[in-house]
Amino acid sequence: MTDRYAVIGNPIAHSKSPRLHAAFARQCGQDLSYEALLAPLDGFAATVAAFRDAGGRGMNVTVPFKVEALQLADRLTDRARLAGAVNTLCFEADGVLGDNTDGVGLVTDIRDRLGVPLAGARVLLLGAGGAARGVILPLLDAGVESLMIANRTPDKAVQLIAPFGIREGLHAGGFGMLAQHEFEVVINATSASLADAGLPLPQGLFADGALAYDMVYGKGETRFLADARALGAARFADGLGMLVAQAAESFLLWRGVRPEIGPVIAELQQPG
Ligand code: ATR
């Protein structure tokens with residue numbers, strides 16, 4: 001019998017996940033089905049339970065249910081607990097495992113696909129919302145030399161790193177602290193790009209050869225990427241690779257095989 005998976009969210013019609021997982025399944029010769037499930041805003045747990053009862057093996061979870069999914073899971077990975085959100089559910093015989101593959105997707109995309117080393121790198125993360133929170137542990141685990149988190153509301157950045165305790169090289173504050181610092185990797189995890197708003201980035205922020213990475217995708221050259229170009233960044237990426245890589249990590253968790261992300265990213269970059 002074909003194993004069933006789904007992505008659950010509200011809205012869900014525009015999710016790329018069914019297309020991604022169909023491509024992975026073809027590539028890896030895996031027999032599975034993957035559908036998009038719209039859950040009512042007050043019906044997340046019931047929709048998950050119905051899918052599981054019908055033989056579902058696992059789910060991806062998207063907006064606005066990632067925090068509810070954390071509460072629903074019987075067991076959590078460390079990276080899901082520290083992210084405060086779950087994007088992958090795995091239905092196992094003894095309960096529901098909740099994981100979060102967003103951060104490891106970002107790390108895989110930067111390090112393995114773009115070939116930009118994270119070990120020993122000075123990394124700047126802009127923003128302190130859910131998107132930023134989810135990537136802190138995977139970036140630290142990648143062996144960065146330092147991780148600075150800057151946010152418009154400085155206190156939120158400070159609170160974000162509190163669970164990590166005092167850790168050498170981990171700093172948080174407002175944009176003002178960026179003066180006199182330079183970074184090999186600068187990641188925009190704010191939602192400023194969605195509103196085409198600029199961020200107060202100082203001259204000298206980008207080290208030679210630095211990568212500017214915007215987690216937003218499908219918007220062409222965002223304001224952040226354009227500003228980064230003007231400030232001397234050398235390499236640029238939007239969040240499409242992260243999207244594909246987090247899906248690949250979910251696929252790995254469910255199926256025990258890691259799909260190659262490069263061909264699938266190339267396919268998504270084709271128009272139509
Ligand atoms: P998400 O879950 O996508 O991270 P969020 O939790 O609403 O969304 O967080 C949005 C982030 O973008 C926050 O860090 C926010 O800064 P504040 O904490 O100060 O609100 C940041 N952000 C949004 N618009 C911004 C702007 N115009 N300039 C700077 N930061 C902005």
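The values are calculated or read from the model by the stated rules, or taken from the named source; none is laboratory data. Worth saying up front: this structure is predicted, and the values here are computed from it rather than measured. No Cβ is skipped: glycine too gets one built from the backbone with ideal geometry, and neighbour counts run over all protein chains shown. For the accessible areas, the whole protein counts, side chains as well, though only heavy atoms, and no ligand, DNA or RNA atoms are used. Shrake-Rupley method; radii C 1.70, N 1.55, O 1.52, S 1.80 Å.
State the number of residues belonging to the stretch 173-200 that are free of Cβ contacts under 8 Å to residues at least 60 places away in the same chain and in a loop (DSSP other than H, G, I, E, B).
Number satisfying all stated conditions: 8.
What pairs come up if the first residue lies in the stretch 13-24 and is closer than 16 Å to Arg258 by Cα, the second is open to solvent by less than 40 Å² (accessible area, probe 1.4 Å) and assigned to a loop (DSSP other than H, G, I, E, B), and their beta carbons are under 6 Å apart, counting only those six or more places apart or on different chains?
Sorted first by the residue in the stretch 13-24, then by its partner, the pairs are Phe24/Pro259.
Taking the options Pro117, Pro64, name whichever one is over 25 Å from Ala179 (Cα atoms) and open to solvent by 50 Å² or more (accessible area, probe 1.4 Å).
Residue meeting the stated conditions: Pro64.
Would you mind stating whether Val123 is open to solvent by less than 10 Å² (accessible area, probe 1.4 Å), of a type in the set (A, V, I, L, M) and within 16 Å of the ligand (Cβ to nearest atom)?
Spelling it out, it is not the case that Val123 is open to solvent by less than 10 Å² (accessible area, probe 1.4 Å), of a type in the set (A, V, I, L, M) and within 16 Å of the ligand (Cβ to nearest atom).
I'd like the full set of residues that are surrounded by fewer than 16 Cβ atoms within 10 Å (Cβ to Cβ) and not in a strand (DSSP E or B), limited to the stretch 201-225.
Of everything in the stretch 201-225, those that are surrounded by fewer than 16 Cβ atoms within 10 Å (Cβ to Cβ) and not in a strand (DSSP E or B) turn out to be Pro202, Gln203, Gly204, Gly218, Lys219, Gly220, Glu221.
Looking at (1) under 30 Å from Phe51 (Cα atoms); (2) in contact with a Pro (Cβ under 9 Å, 6 or more places away or on another chain); (3) surrounded by fewer than 20 Cβ atoms within 10 Å (Cβ to Cβ), find the lone condition where Gly105 falls short.
Against the list (1) under 30 Å from Phe51 (Cα atoms); (2) in contact with a Pro (Cβ under 9 Å, 6 or more places away or on another chain); (3) surrounded by fewer than 20 Cβ atoms within 10 Å (Cβ to Cβ), Gly105 comes up short only on (3).
Enumerate the pairs (first residue in the stretch 45-68 and within 18 Å of Ala247 (Cβ to Cβ); second residue anywhere and open to solvent by 40 Å² or more (accessible area, probe 1.4 Å)) with beta-carbon separation below 6 Å, excluding pairs fewer than 6 apart on the same chain, so at least 6 apart or on different chains.
Gly56/Arg4
Quick one: what pairs do we get from the stretch 90-103, first residue on the phi > 0 side of the Ramachandran plot, second open to solvent by 10 Å² or more (accessible area, probe 1.4 Å) and assigned to a loop (DSSP other than H, G, I, E, B), C-beta under 9 Å, 6+ apart or different chains?
If the second residue must be open to solvent by 10 Å² or more (accessible area, probe 1.4 Å) and assigned to a loop (DSSP other than H, G, I, E, B), the pairs left are Gly95/Ala73; Gly95/Asp74.
Any idea which residue in the stretch 147-185 is farthest from the ligand (Cβ to nearest atom), counting only those that are buried (at least 18 other Cβ atoms within 10 Å of the Cβ) and farther than 11 Å from Gly127 by Cα?
Our first condition is that a residue be buried (at least 18 other Cβ atoms within 10 Å of the Cβ); within the stretch 147-185, this holds for 147-151, 157, 160-161, 172, 178, 183-185.
When the remaining residues are screened for being farther than 11 Å from Gly127 by Cα, the result is 147, 161, 178, 183-185.
Working: Leu147: 15, Ile161: 13, Leu178: 13, Phe183: 18, Glu184: 22, Val185: 18 Å.
Of everything passing the filter in the stretch 147-185, Glu184 is farthest from the ligand (Cβ to nearest atom).
Taking the conditions exactly as written (of a type outside the set (Val, Ile, Thr) and either over 17 Å from Asn10 (Cα atoms) or in contact with a Pro (Cβ under 7 Å, 6 or more places away or on another chain) (or both)), does Pro40 satisfy them or not?
no
Does at least one position in the stretch 58-66 carry a residue that is modelled with pLDDT of 95 or more and more than 19 Å from the chain's Cα centre (by Cα)?
no
List pairs: first in the stretch 129-140 and more than 13 Å from Gly105 (Cβ to Cβ) and near the ligand (Cβ under 10 Å from one of its atoms), second open to solvent by 10 Å² or more (accessible area, probe 1.4 Å) and hydroxyl-bearing (Ser, Thr, Tyr), Cβ under 9 Å, 6+ apart or cross-chain?
Between residues of the stretch 129-140 that are more than 13 Å from Gly105 (Cβ to Cβ) and near the ligand (Cβ under 10 Å from one of its atoms) and residues that are open to solvent by 10 Å² or more (accessible area, probe 1.4 Å) and hydroxyl-bearing (Ser, Thr, Tyr), the close pairs are Gly129/Thr190; Gly129/Ser191; Ala132/Thr190.
Output the number of residues of the stretch 112-164 satisfying the condition of being in contact with a Lys or Arg (Cβ under 6 Å, 6 or more places away or on another chain) and either closer than 21 Å to Gly198 by Cα or small (Gly, Ala, Ser) (or both).
Looking only at that region, the number is 2.
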